[in-house]
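Everything below concerns the one structure shown next.
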2 protein chains.
Amino acid sequence: MSDVVPVVLCGGAGTRLWPASRSARPKPLLDLLGDGSLLHTTLERARALTPKAPWLVGAAGLEQELRRGAGARARLLLEPAGRGTAPAVAAVALQTAAEDPLLLVLPSDHHVADQTALAAAVTAGATLAREGRFVVFGVRPTHPATGFGWIVPGAPVPGGHAVARFVEKPDAARAEGLLAQGGLWNAGIFLVRARVLLEELEAHAAPLLAAVRAALPSRSGATCRLGPAFLDSPDLALDVAVAERTTRAAVVPLDAGWSDLGTWQALWEASPHDTDGNATHGDVVAVGSSGNLVRAEHRLVAVAGLHDHVVVETADAVLVVPRAASEQTRAVVGRLADAARAEAASAITGPRPWGQARLLDAGPGWAVKRLEVRPGEALSLQVHAHRAERWVVVSGTPAVELDGVVRTLAPGEVVEVPAGCAHRLVNDGTVPACLVEVQLGSPDEADIVRLDDRYGRPTTSLTDS
Amino acid sequence: MSDVVPVVLCGGAGTRLWPASRSARPKPLLDLLGDGSLLHTTLERARALTPKAPWLVGAAGLEQELRRGAGARARLLLEPAGRGTAPAVAAVALQTAAEDPLLLVLPSDHHVADQTALAAAVTAGATLAREGRFVVFGVRPTHPATGFGWIVPGAPVPGGHAVARFVEKPDAARAEGLLAQGGLWNAGIFLVRARVLLEELEAHAAPLLAAVRAALPSRSGATCRLGPAFLDSPDLALDVAVAERTTRAAVVPLDAGWSDLGTWQALWEASPHDTDGNATHGDVVAVGSSGNLVRAEHRLVAVAGLHDHVVVETADAVLVVPRAASEQTRAVVGRLADAARAEAASAITGPRPWGQARLLDAGPGWAVKRLEVRPGEALSLQVHAHRAERWVVVSGTPAVELDGVVRTLAPGEVVEVPAGCAHRLVNDGTVPACLVEVQLGSPDEADIVRLDDRYGRPTTSLTDS
């Protein structure tokens, strides 16, 4: 299917998988199934379907992470802010209109167990899409789900059916009916010719298309930043903007072990289990326990006599919830957000453009962090008005710049950064550099002025270094 | 009751309360009910009963912690190693034989809700004890417990009964029978005249008494160390050595909301609950949850839709177990011990004679710790063969000695301790000193030679600093 171009959508934080996923550690970048990040496995899946390089659409703030996850051949389209899937896909359609490929729209944070079945469905869908159909893939339901949109198939067409209608997330009774009448789940996977999509957008979402067109970068390259005009687009999903309005919609059944990994319960279902039905990740000891999802990111987690529960441990938060009640995770995040707690959205251990920062400890007027700087990366050149810093190199050979003076460090070396000193950390070495940073004085993360930042981050900000 | 002297027994780690309690963080030193350490509340209870200063018997390795917990007026008897409660009480009886007080033996890690009822029982018991009775207190059972020893009351005596017999931990059927016939739980609380106890020991446990007598320090003081002869004593509980053998045993009923806090379930029962029956400690967010015991020592713990479970979070381990299965905690510790895991017994965050050490982070060949040194305390003068250390002072004004050279430090100052350097940290200041220590080189805790230690710890050991 050499005319198929993958469009991988990287929006969405997935707060229902808190505390593992937060807006600062979005779900596509997490390894939830032990086989690499969800973005990585999605790209592997796409690569098996088509030789064409994929397009990734995601937040500008995640450029480094997306580029690392996508590899060199992928093309990045960076949104100033998310506006739903319709503007994201529209941007790719505009960029590719000339060659008019089949755009295979794939969420970046789903799971598909059966690659062969996926390939068969996409092949069938491609035939329809080449004829100008707007193809949606309909997952054969395993239960009357109220958490998904549904698709009711209509008259048969070669390889699938016309779409009788779309149904938004139904109530339980409605879902039973949809299941009985052969309804399918809308997986958010689409296949459509670029120009066909543009025609449909022109017909059904002209203002959206206009805003995206105005936001397109003047010249295209491996990485394109969408302009501020993108923010003028309405916030619309592709289903709503086009699929539900077009007369050209066709549905192709997909029976490939699909999961949106939307809840801890869904993740447990998609995960490999031990003989007791436990799905574990990290340093877990389970005694007389069964049917649990236990994720230990940071410390030993021990469970005993525990059945059908979810236990998720991270550097700054622990969640325990019965598997069957795992949607309640969202209520926890809501409660934390109401209390203006940092754990709701940010992560003390999280990616930075240059590597990783982890808060180890803090007290009145001081904090201790571990900084991991990847080879070739650098923290911004910055000044703190009220905060002094001490760095102890534990591994690697980073270079430090203090008020213009640069020196290369070895493990064990200590750097004293007084308040008011313009400092920068650069890892020109070939291995990651790991440092322990002790902050003294103002614990205020906002006490930072960036004189220079290769990642284009703002001069002042709430994230460190 | 001015002739009553409290004997507070501080042995026992309480591994059934892992991960909160470990041999390195014994149960009596923990604040499990939010009202101070169990040792502290036990001493408060004793102080309300008698003006006499208490005796504490515990491990020599815990001298600093016991002294801090006991206050200046208490007398400490330090065991080179635990030999059960009989030798411990015997030592106090020998020390106090001259004045021949009533010894009120109290475990240091139990809970008694109703002080008035306790006082009434002790008053009744004192009358019997003055007449030469060996008084045991029998807790009115709330259920046919198989986890306690039982006492079957015999013929009435003023204020209580003679003891018909003692029953070791019974099976379920036997326990039902004991409950039906008015049996009482043996709470390990005793009241007996010092000389009466010595007579009984002479009659029923002569070798034990001889070993303890040989271990007595030449002169008594506020703190007495029992000599190595103590190790020759058989390991016996006071119940077995005397109570079950003497003809002078009497039992006084105790109906005072007693709990041995022996399991997480028992702790939940003794804890204050919110309106949903949750007992929480620390930074806990509970959504739609009930009947849980949630203990957050170190970071946020969130539970949602969780019912009747135990969640315990510490710096290095998390435990989740259904409340009704909380004895299985012991199986977890067994599993960890079999795997030779440090978490089984030691605690990365734990008391040191000089303050507290907390492991913050570690990697191959390096570790980061936070050291808190109390005013007037000092780490040992020590050398590491393969490990270099870096210290960053974050608060306080500790003094550092490096190969004989002493200098006083201020917050923000950095100390580089090369491998092979004899170093010591002393806090001569009036406020606690807090330092961040980065260890580089050998991560081996055993890489330590103590040249001088004011706490009498061995030259080489497995605990740091």
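The values are calculated or read from the model by the stated rules, or taken from the named source; none is laboratory data. Computed from a prediction, not measured in an experiment: that's the story for all the values here. When we count neighbours, we look across all protein chains shown, and the Cβ atoms used for this are built from the backbone with ideal geometry, even at glycine. With ligands, DNA and RNA removed, areas are computed over all heavy atoms of the protein, side chains included. Shrake-Rupley method; radii C 1.70, N 1.55, O 1.52, S 1.80 Å.
Are there any residues in the stretch A:418-441 with a reduction of at least 30 Å² in accessible surface when going from the isolated chain to the assembly of protein chains? Probe 1.4 Å, please list them by number.
Residues meeting the cut-off: A:V436, A:V438, A:L440.
Which value, in Å³ per residue, describes the convex hull spanned by the Cα atoms of the stretch A:137-208?
Each residue corresponds to 112 Å³ of Cα convex hull volume.
Averaged per residue, what accessible surface does the stretch A:348-452 expose to a 1.4 Å probe, in Å²?
Dividing the accessible area of the stretch A:348-452 by its residue count gives 35 Å².
Could you compute the FRET efficiency for B:E168 and A:R335, with r as their C-beta to C-beta distance and R0 at 51 Å, rounded to 0.05?
E between B:E168 and A:R335, to the nearest 0.05, is 0.55.
For the stretch B:264-329, what % of the accessible area comes from carbon and sulfur atoms, probe 1.4 Å?
49
Please report, in Å, the Rg and the Dmax of the stretch A:264-329, where both are computed over Cα atoms only.
10.6, 31
Please report, for A:R454, the nm distances (one decimal) from its label point, 7 Å out from Cα along the beta-carbon direction, to the equivalent points in the remaining copies, shortest first.
5.1
Under the √(5λ) rule applied to the eigenvalues of the Cα gyration tensor, what semi-axes describe the equivalent ellipsoid of the protein assembly as shown? Give them in Å, descending.
They are 64, 37, 19 Å, listed largest first.
In Å, what Kirkwood hydrodynamic radius results for the stretch B:4-259 from the alpha-carbon pair distances?
Mean inverse Cα-Cα distance, inverted, gives 18.3 Å.
If R₀ is 22 angstrom, what is the calculated FRET efficiency for the pair A:D100 and A:D255, using the beta carbon separation as r and rounding to 0.05?
0.15
Calculate how steeply helix A:115-130 sits against the longest principal axis of the alpha-carbon atoms of chain A, using the helix alpha-carbon long axis, and give the answer as 0 to 90 degrees to the nearest 10.
60
List every residue whose amide H lies under 5 Å from the amide H of B:R352, counting only residues 5 or more places away in sequence or on a different chain, with H placed 1.01 Å from N in the peptide plane.
When sequence neighbours closer than 5 places are left aside, the close amide H contacts are B:A357.
How far, in whole Å, is the closest Cβ of chain B from the axis that maps B onto A, and which residue does it belong to?
Of all Cβ atoms in B, the one closest to the rotation axis yields B:L360, 2.
Taking each label point as 7 Å beyond Cα in the direction of the beta carbon, state the distances from B:D308 to the same residue in the other copies, shortest first, in nm.
Label-point distances to the other copies, shortest first: 1.3 nm.
Checking a compactness column here: for the stretch B:1-72, what do you get for Rg(Cα) / (2.2 N^0.38 Å), N being the number of residues?
1.12
Solvent-accessible area per residue for the stretch A:253-324 at a 1.4 Å probe radius, Å²?
Per-residue accessible area for the stretch A:253-324 comes out at 28 Å².
Compute for the stretch A:118-171: radius of gyration divided by Kirkwood radius, i.e. Rg/Rh, restricted to C-alpha atoms, rounded to two decimals.
Looking at the stretch A:118-171, the ratio lands at 1.00.
Give me the inter-chain shielding for A:313-324: mean count of other chain Cβ atoms within 10 Å, whole number please.
6
Name the residues whose placed amide hydrogens come within less than 5 Å of the amide hydrogen of B:V105, ignoring near sequence neighbours (fewer than 5 apart) on the same chain.
Sorted by chain and number, the residues that satisfy this are B:V7, B:F190, B:L191, B:V192.
Restricting the calculation to Cα positions, tell me the Rg (one decimal) and the Dmax (whole number) of the stretch B:348-452 in Å.
Taking only Cα atoms of the stretch B:348-452, I get Rg and Dmax of 12.5, 37 Å.
Rounded to the nearest 5, what % of the DSSP beta bridges within the stretch A:348-452 are antiparallel ones?
Approximately 100 percent, going by the DSSP bridge assignments.
Given contacts defined as C-alpha pairs under 8 Å and at least six residues apart, what's the relative contact order of chain B, whole-number percent?
14
Considering amide H positions built from the backbone, and no H for Pro or chain starts, which residues 5 or more places from B:L56, or on another chain, come under 5 Å of its amide H?
Answer set, sorted by chain and number: B:V8, B:R75, B:L76, B:L77.
The stretch B:350-381: which residues show an accessible-area loss of 50 Å² or more, assembly versus chain alone, 1.4 Å probe?
Buried-area filter returns B:L360, B:D361, B:W366.
From the backbone phi of the stretch A:392-404, what are the Karplus-calculated ³J(HN,Hα) couplings (6.51 cos²θ - 1.76 cosθ + 1.60, θ = phi - 60°) in whole Hz, Gly and Pro given as x?
10, 7, 9, 7, x, 9, x, 10, 10, 10, 10, 6, x
What accessible area, summed over both chains, is buried at the B-A interface (1.4 Å probe, Å², nearest 100)?
Approximately 4100 Å² gets buried when B meets A.
First measure r as the distance between the Cβ atoms of B:Q115 and B:H273, then evaluate 1/(1 + (r/R0)^6) with R0 = 22 Å and state the FRET efficiency to the nearest 0.05.
The formula returns an efficiency of 0.60 here.
How many percent of the accessible area of the stretch B:4-259 is carbon or sulfur, using a 1.4 Å probe?
For the stretch B:4-259, the apolar C and S fraction of the accessible surface comes to 53 percent.
Taking every DSSP beta bridge that has both residues in the stretch A:264-329, what percent is antiparallel when rounded to the nearest 5?
30
Taking every pair of alpha-carbon atoms in chain A, what share in percent sits in each 20 Å bin, from 0 to the bin with the longest distance?
Distribution as computed: 22, 51, 24, 2 percent.
Could you give the nm distance between label points at B:Q356 and B:E416, where each point is 7 Å from its Cα heading toward the beta carbon?
Each label point lies 7 Å from its Cα, and together they span 3.2 nm.
Scaled to the compact-protein estimate 2.2 N^0.38 Å, what is the alpha-carbon radius of gyration of the stretch B:58-210, rounded to two decimal places?
My calculation over the Cα atoms of the stretch B:58-210 gives 1.13.
Over the Cα atoms of the stretch A:208-331, Rg to Rh with Kirkwood Rh, two decimal places?
Radius of gyration over Kirkwood radius for the stretch A:208-331 works out to 1.18.
Give the percent of DSSP beta bridges with both residues in chain A that are antiparallel, rounded to the nearest 5.
Roughly 65 percent of the DSSP beta bridges within chain A come out antiparallel.
Given the C-alpha atoms of the stretch B:281-421, compute the convex hull and give its volume per residue in Å³.
Measuring per residue, one finds 153 Å³ for the Cα hull of the stretch B:281-421.
7 Å from Cα along Cα→Cβ at both B:A214 and A:D35: what's the point-to-point distance in nm?
6.9
What order do B:H298, B:H273 take when sorted by accessible area (1.4 Å probe), most exposed first?
Descending accessible area places them as B:H273, B:H298.
Put a point 7 Å out from Cα along the line to Cβ at A:L231; what are the distances to that point in the other copies, in nm, shortest first?
Those separations, rounded to one decimal, come out as 7.5 nm.
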